[in-house]
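Novice: Sending over a structure as C-alpha cells; questions will come in a sec.
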Amino acid sequence: MSSRLPPLNPLRAFEAAARRGSISAAARELNVTHGAVSHQIRTLEESLKAALFERGGKRLKLTPQGALLLPAVSSAFDGIAAATALMNRPSTSGSLRISCVPALLSLWLIPRMNGFAERYPEISLTLSSSNDANLIHSPDIDVAILYGPGNWRDCWTRQWSTLQLFPVASPTLLNSRPLRSIRDLRDHVLLHGDDGREWNTWLAAADQLDMPRGREHFMSDARLSTEAARYGQGVALGDSITASSLIAAGELVIPFDLSVPASNAFYVATRNDLRAAPIVRVFIDWLFATLENERSSQMSPAIRSRSPRNARIQPATAPISSDPGASAKDTP
C-alpha cells in the first residue's frame, strides 16, 4: 500500500498551496521558505508525472490533475487531524473555551449553563464575549458561536438558527406612553443594536419607512439595546431567543404583531481538527439539543412574519415562543 502513495511532505505542501492560493502563504503556514514549498511541489509533480498547478498569474490555479487530487488529500489530512484530536482529548473532561455572540452569551447561554454543568460536571468552561469570526482559528478558542453569513472557510460550520426581528419595550414605558399604532413610535426613542439597518428593514415591512423619528440611540450590539429597552430607555428590536426569558417574565412586551427575517443567521463553528474531539462534540450536541427541546416544549404561538402588503398591525403583548425560524442575533 505505501509504495502506491506519493511522498507525504510534498503532499502537505501541495495541499497548503492549493488551499491558500499562494506558495508564499503556504510557506508561512508551514513555517518553511518559499523555495522549500516550490521544491516539494516539483517533487510531487515529478513523482506523479503530472503538472498540478498552472504557472503564471498572481494566484495559483490548479490543473485538472491537481483539482482531482486536492479533495482526496484534504480529506486525508482532515482525518489525520481529527484522529490526533481524539488522541489528545480522549474524554469529556477538561477545559473547553467558548467564544459567543454577546447577546446570546448574556441572555441565553449563561442562564442555561447549569444544565450543561450538571450533565458534564468534569468539563470547565471558559466563556468570552465576541462575534469575531477570526476566533474560529484561534488556538485559544475551541468553539465559536457567531452571527453572520456562515461562509467561513477551512472550518466546520453548522447553522444553529435563523432569526426573526420585532420591536420590544418595557411594560412600564408603554403604560406611560402607549404604542397604539406604529406611527406612535415617533414619540419614542429607537434603540439600535447595529448601524440602523435592522430598524429600517422592519419599518419598510410595515410601510412606515418615511415615518418621522424622534431620538435614536446607537449601541455596539443587541445585548445593549435589549437591556436598554428592559430599563425603559426606548424601543429596541428583539428576537425570540435572546429576549424570550425577558418576555416570559413580563420585563419586555411585544407591541406589534409583525416580524421580519434578519439578513444573517446564527452558526456554531470549530476547527476541523477539533470537531471529532469528544469534549467539543458533547458541547455542540448540547447546544442543538437544548434549543430543540425548548422549541418543542413551547405552547404559545410565535410572532408571524408578514409581508408589507398584507401586514395588519395590531397590539401583541403576549409572550412568544421560540419558533423554528428564529434565533439570537448580534452585530460584530
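The values are calculated or read from the model by the stated rules, or taken from the named source; none is laboratory data. Keep in mind that this is a model prediction, so the values were computed, not measured. FYI the Cβ positions are ideal-geometry reconstructions off the backbone, even for glycines, and counts take in every protein chain you see.
Novice: If you take the residues of segment 156-182 that are under 17 Å from Ala249 (Cα atoms), hydrophobic (A, V, I, L, M, F, W, C) and in contact with a strand residue (DSSP E or B) (Cβ under 7 Å, 6 or more places away or on another chain), which of them is surrounded by the fewest Cβ atoms within 10 Å (Cβ to Cβ)?
Specialist: Looking at the filtered set, the residue picked out is Leu174.
Novice: Six or more apart or on different chains, Cβ atoms under 8 Å: show the pairs whose first residue is in segment 71-83 and touching a residue at least 60 places away in the same chain (Cβ under 8 Å) and in a helix (DSSP H, G or I) and whose second is buried (at least 16 other Cβ atoms within 10 Å of the Cβ) and among the basic types (Lys, Arg).
Specialist: Phe77/Arg12; Ala82/Arg275
Novice: Give me a count of the residues in segment 38-60 that are in contact with a Phe, Trp or Tyr (Cβ under 9 Å, 6 or more places away or on another chain), among the aliphatic types (A, V, I, L, M) and modelled with pLDDT of 90 or more.
Specialist: 3
Novice: So for segment 19-36 (the condition being in contact with a Phe, Trp or Tyr (Cβ under 9 Å, 6 or more places away or on another chain) and charged (D, E, K, R)), does at least one residue qualify?
Specialist: no
Novice: Given segment 124-229, what strands (runs of 3 or more DSSP E) lie entirely inside it while holding 1 or more residues that are of a type in the set (Ser, Thr, Tyr)?
Specialist: Because the criterion is at least 1 residues that are of a type in the set (Ser, Thr, Tyr), the strands (runs of 3 or more DSSP E) in segment 124-229 that meet it are 143-148, 156-161.
Novice: Does Ile279 satisfy being assigned to a helix (DSSP H, G or I), more than 28 Å from Thr172 (Cα to Cα) and at pLDDT 80 or above?
Specialist: yes
Novice: Can you tell which of Ile241, Ile247 is surrounded by 14 or more Cβ atoms within 10 Å (Cβ to Cβ), of a type in the set (Val, Ile, Thr) and not in a helix (DSSP H, G or I)?
Specialist: Ile241
Novice: Okay, next question. Filter segment 21-50 down to the residues that are without any contact (Cβ under 8 Å) to a residue 24 or more places away in the chain, closer than 19 Å to Leu68 by Cα and touching a helix residue (DSSP H, G or I) at 6+ places or on another chain (Cβ under 6 Å) and list them by number.
Specialist: If the condition is that a residue be without any contact (Cβ under 8 Å) to a residue 24 or more places away in the chain, closer than 19 Å to Leu68 by Cα and touching a helix residue (DSSP H, G or I) at 6+ places or on another chain (Cβ under 6 Å), then Ala50 is the only one that fits.
Novice: Can I ask one more? Is it true that Leu107 is at pLDDT 90 or above, under 30 Å from His192 (Cα atoms), under 20 Å from the mean Cα position of the chain (by Cα) and surrounded by 13 or more Cβ atoms within 10 Å (Cβ to Cβ)?
Specialist: Considered against the rule, which asks whether it is at pLDDT 90 or above, under 30 Å from His192 (Cα atoms), under 20 Å from the mean Cα position of the chain (by Cα) and surrounded by 13 or more Cβ atoms within 10 Å (Cβ to Cβ), Leu107 comes out as yes.
Novice: Here is a check on your reading of the model: is Ile136 buried (at least 16 other Cβ atoms within 10 Å of the Cβ), without any contact (Cβ under 8 Å) to a residue 60 or more places away in the chain and either within 30 Å of Leu185 (Cβ to Cβ) or among the β-branched types (Val, Ile, Thr) (or both)?
Specialist: Against the criterion (buried (at least 16 other Cβ atoms within 10 Å of the Cβ), without any contact (Cβ under 8 Å) to a residue 60 or more places away in the chain and either within 30 Å of Leu185 (Cβ to Cβ) or among the β-branched types (Val, Ile, Thr) (or both)), Ile136 does not qualify.
Novice: Evaluate the following for Tyr120: is it surrounded by 20 or more Cβ atoms within 10 Å (Cβ to Cβ) and of a type in the set (Ser, Thr, Tyr)?
Specialist: Here the answer is no, as Tyr120 does not meet what is asked.
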